[in-house]
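Everything on this sheet refers to the single structure shown next.
The values are calculated or read from the model by the stated rules, or taken from the named source; none is laboratory data. Quick caveat: nothing in here was measured; it's all calculated off a predicted structure. As a convention, Cβ positions derive from the backbone with ideal geometry for all residues, glycine included, and neighbour counts pool all protein chains shown. Heads up: the accessible areas ignore ligands, DNA and RNA and are worked out on the full protein's heavy atoms, side chains in. Shrake-Rupley method; radii C 1.70, N 1.55, O 1.52, S 1.80 Å.
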Amino acid sequence: MITSEFFGIHDYLAFIISGIALNLVPGQDTLYIIGRSLSQGRTAGIVSVLGIGSGCIVHITLAAFGIYALLALWPVAFTSVVVLGGLYLVWLGISTWLRRKKTGSGVIPSVSRESLWLVYRQGFLTNLLNPKVALFFLAFLPGFIDPAARYGALSFLILGGTFLFTGTIWCLVVALSAAVFADALRGNPKIQWGFDLFASLLYIGLGAAILLVHL
């Protein structure tokens, strides 16, 4: 049964329900995906989801093997990574607006392989430079793991993978929904201009909020 303990995990169904509820709460990653989908369309939105998911895999792996437990005990390192992530978001917002000026008003940038690779990398770094994701895993996942079990990192990886799976599905729904909404209005150059401006200000605002809290 899904509620039985396996691999040192208990209350697995409760974990899934709790994880889905948490996924529905908009966060930095969700807002990034919305910005990409509105500004660059469906394909860019989906690729941004893959980039964020890849960053999340790194977080889960490092947290499972105890690397992030050391980061949590070293406030200077944690704050440094958070500030770096805030600066990256500000730069991302500025570069998004500069890219729009190069492509022209009201024009969706061509989604070439190179531009998709850039979107993927930016999504990856946006997630990776947010150590709060790792601290979330450290705080949330152990509550569903039997400390007496001897499965080591396996229990943590299973729970992390489950959370990533449900989160990825939700992020894809968000990306596709935002893209469909944008595509219905994108024929108006002023609307596309507004989408680009919204994405740029969104990234800058997220980065500035992080910097104001931690500086």
| Within segment 2-15, can you find the residues that are on the phi > 0 side of the Ramachandran plot and open to solvent by 50 Å² or more (accessible area, probe 1.4 Å)? | PHE7, ASP11
| Quick one: what pairs do we get from segment 69-87, first residue over 9 Å from LEU211 (Cα atoms) and surrounded by 13 or more Cβ atoms within 10 Å (Cβ to Cβ), second aromatic (Phe, Trp, Tyr) and modelled with pLDDT under 70, C-beta under 6 Å, 6+ apart or different chains? | LEU71/PHE78
| task | Identify all residues within segment 16-47 that are under 22 Å from VAL82 (Cα atoms), open to solvent by 30 Å² or more (accessible area, probe 1.4 Å) and hydrophobic (A, V, I, L, M, F, W, C); write none if there are none. | result | LEU22, VAL25, LEU31, ILE34
| Which one is farthest from VAL119 (Cα to Cα), of the residues in segment 175-186 that are open to solvent by 20 Å² or more (accessible area, probe 1.4 Å) and under 18 Å from the mean Cα position of the chain (by Cα)? | SER177
| message | With the requirement that a residue be open to solvent by less than 60 Å² (accessible area, probe 1.4 Å) and modelled with pLDDT of 75 or more, what does segment 93-119 give you? | response | GLY93, SER95, SER115, LEU116, VAL119
| note | Every listed condition ((1) within 13 Å of GLY35 (Cα to Cα); (2) of a type outside the set (Ser, Thr, Tyr); (3) more than 18 Å from the chain's Cα centre (by Cα); (4) open to solvent by 40 Å² or more (accessible area, probe 1.4 Å)) holds for LEU201 save (3)
| note | Going through segment 51-92 in order, the residues found to be modelled with pLDDT of 80 or more and of a type in the set (Val, Ile, Thr) are ILE52, ILE57, VAL58, ILE60, THR61, VAL83, VAL90
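So if I check each of GLY51, GLY55, GLY19, GLY35, which one is in contact with a Lys or Arg (Cβ under 9 Å, 6 or more places away or on another chain), part of a helix (DSSP H, G or I) and in contact (Cβ under 8 Å) with a residue 60 or more places away in the chain? Full working, then the answer.
Numbers: GLY55 fails: in contact with a Lys or Arg (Cβ under 9 Å, 6 or more places away or on another chain); GLY19 fails: in contact with a Lys or Arg (Cβ under 9 Å, 6 or more places away or on another chain); GLY35 fails: in contact with a Lys or Arg (Cβ under 9 Å, 6 or more places away or on another chain).
It is GLY51.
Would you be able to say whether some residue in segment 139-146 is farther than 29 Å from ILE67 by Cα, touching a helix residue (DSSP H, G or I) at 6+ places or on another chain (Cβ under 8 Å) and surrounded by 22 or more Cβ atoms within 10 Å (Cβ to Cβ)? Step through it out loud before you land on a result.
Taking segment 139-146 and keeping what is farther than 29 Å from ILE67 by Cα, we get none.
The answer is no, given that none of the residues of segment 139-146 is farther than 29 Å from ILE67 by Cα, touching a helix residue (DSSP H, G or I) at 6+ places or on another chain (Cβ under 8 Å) and surrounded by 22 or more Cβ atoms within 10 Å (Cβ to Cβ).
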